[in-house]
Amino acid sequence: GNGSGPNYRSGVSTNGEIAVNIGGVRVVLLGDVINRYPESRLAELLTCSSQNYEGILSLCDDFDKGRKEFYFDRDPDAFKCIIDVYYFDEIHIKNGICPICFIKEMEFWKIDPSVLDECCKSYLSEKEEELNEISSKVRIILEDLEVERCVTRSQKCQRFLWRLMEKPGSSLAARVIAIASFLAVLVSAVVMCVGTIPELQVTNGDGKLVEHPILEAIETVCMLWFTAEYVLRLASSPKKIHFALSFMNVIDFMAIMPFYVVLSLTYLGTTSMMELANVQQAVQALLRIARIFKLARHSAGLQTLTYALKKSLKELGLLLMYMGVGIFVFSALAYTLEQSHPETLFKSIPHSFWWAIITMTTVGYGDIYPKTTLGKCNAAVSFLCGVIAIALPIHPIINNFVIFYNKQKVLEIAAKREVELMEMKSSPETERRRSSGETRKSVPSFAYRLI
């Protein structure tokens, strides 16, 4: 090599050079180039005495003293990327190379991962997140399979109850409970809507329309179901504090508690307490609406949509910014242009905000509308700009949804295949244990190294 790059040639290396053979590919590197990273494996080989045969073998797989060539049973494609650091002070991971395996190659050659280019670091972090997700899914599957860890009867009961309430795919009974919980949420939502129809309401002793007793009874049954479900899930949870502080579980708790508060205050029956009960009923109505979010626990589609919206906060922020600027500009123009008309509907700029919102979103209720020619032109431009502003961030949001949905499907398949591979690899060990009289099953140790 002449210092401008690696020299892929055959022949014996001369003084100041080092010849390495990586999986059949021979590379000659200059000593001054290698010494740019003195802590790397190649720099250690360069400084290692040729008489110190044991020291050399501790750094490489084999050594040809006559050719002064070091042999490594490593990936030559990965090495071609790694030697770039000696010449360009940075490394790019080429297409087709597993980033996780590449990091192990960098560790072998004793190159700091910080030299990776920023684009490769982001790609690597994305792959690590995917592996962590697969590992977590594998861990969950293994925990469901490894029932032997539950030693006492209470632990077995707790684990059985947890799988019954939280793992719909673990058994037919668990699936039935999940479907019943799903239907209870839907029935509660339907009862809440139907209970507001005046024809289905009844008059109480004070002459006020209240919910029909049958609907109240159905709602009570649903609340008892939600209560039993929450208590059983909390009792069987292995991490009760984490369970209680989870967002969806907080929603469940807040949707249940007002029912019992109102029930207790109604039973006590004092005037001040009844006023407080009315407040509690209002709160309960809001939380009954929020109860529909319980469906997200049973729907992968809703979970995917929630994640897509989280990943699209930047796009949603841009949408709100575009709409906010447009609303301010077009409402101010509409107010100014419409003042020449004696019967103007635009009383002030803040009053015009409502017109700008319904116009830019193409809703157009018609309660406020321009009457001058210039005002109508302003309205035309405003709804055209509104269509453009709404359409721009839609594609990134849809793209995030599709990417995450497909990714989740791939990760589910990968986790199941990983578990199947573990079972295949552990089956000979299981047969050996059975033949030797050992009946206790265990998860292979490499599975824990994986996760």
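Quick check on this structure: which one of L245, L276, L186, L234 is hydrophobic (A, V, I, L, M, F, W, C) and at pLDDT below 75?
None of the others qualify; the one that does is L276.
Checking S40 against (1) in contact with a strand residue (DSSP E or B) (Cβ under 7 Å, 6 or more places away or on another chain); (2) at pLDDT 85 or above; (3) surrounded by 19 or more Cβ atoms within 10 Å (Cβ to Cβ), which test does it fail?
Condition not satisfied by S40: (1).
A78 is checked against (1) at pLDDT 85 or above; (2) surrounded by fewer than 18 Cβ atoms within 10 Å (Cβ to Cβ) and fails just one. What number does that condition carry?
(2)
From Y405, Y365, Y335, which residue is among the aromatic types (F, W, Y) and within 30 Å of the chain's Cα centre (by Cα)?
None of the others qualify; the one that does is Y405.
Looking at the stretch 191-203, can you tell me whether even one residue there is modelled with pLDDT of 75 or more, part of a loop (DSSP other than H, G, I, E, B) and under 27 Å from E412 (Cβ atoms)?
For the stretch 191-203, residues modelled with pLDDT of 75 or more, part of a loop (DSSP other than H, G, I, E, B) and under 27 Å from E412 (Cβ atoms): absent.
Conditions (1) surrounded by 15 or more Cβ atoms within 10 Å (Cβ to Cβ); (2) at pLDDT below 75; (3) not in a helix (DSSP H, G or I), marked per residue:
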| residue | (1), (2), (3) |
| --- | --- |
| E133 | yes, yes, no |
| K137 | yes, yes, no |
| V151 | no, yes, yes |
| S154 | no, no, no |
| Q158 | yes, no, no |
| L161 | yes, no, no |
| M165 | yes, no, no |
| P168 | yes, no, yes |
| A174 | yes, no, no |
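How about the stretch 66-117: which helices (runs of 4 or more DSSP H) wholly inside it have at least 3 residues that are closer than 20 Å to L131 by Cα?
Counting at least 3 such residues, we get 99-108.
Every residue, every condition in (1) touching a helix residue (DSSP H, G or I) at 6+ places or on another chain (Cβ under 9 Å); (2) farther than 24 Å from Q158 by Cα; (3) assigned to a helix (DSSP H, G or I), yes or no:
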site: L215; (1), (2), (3): yes, yes, yes
site: T220; (1), (2), (3): yes, yes, yes
site: F226; (1), (2), (3): yes, no, yes
site: R233; (1), (2), (3): yes, no, yes
site: P238; (1), (2), (3): yes, no, no
site: A244; (1), (2), (3): yes, no, yes
site: F259; (1), (2), (3): yes, yes, yes
site: V262; (1), (2), (3): yes, yes, yes
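Starting from residues that are over 22 Å from F346 (Cβ atoms) and in contact with a Phe, Trp or Tyr (Cβ under 9 Å, 6 or more places away or on another chain), keep the ones in the stretch 361-404 and report whichever is modelled with the highest pLDDT.
I388
Which of the residues belonging to the stretch 366-380 are closer than 22 Å to A391 by Cβ and surrounded by fewer than 13 Cβ atoms within 10 Å (Cβ to Cβ)?
A380
Mind telling me which of the residues G326, G317 ends up being modelled with pLDDT of 85 or more, outside the structural domain of M257 (by TED's automatic domain parsing) and touching a Ser or Thr at 6+ places or on another chain (Cβ under 9 Å)?
On inspection, the qualifying residue turns out to be G326.
Let's see how each residue does on (1) over 17 Å from F243 (Cβ atoms); (2) loosely packed, with under 15 Cβ neighbours inside 10 Å; (3) within 28 Å of the chain's Cα centre (by Cα):
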residue	(1), (2), (3)
A180	yes, yes, yes
A184	yes, no, yes
C193	yes, yes, no
T196	yes, yes, no
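The values are calculated or read from the model by the stated rules, or taken from the named source; none is laboratory data. Nothing here was measured: the structure is a model prediction, and the numbers come from that model. So basically every Cβ, Gly included, is an ideal-geometry build from the backbone, and we count neighbours across all protein chains shown.
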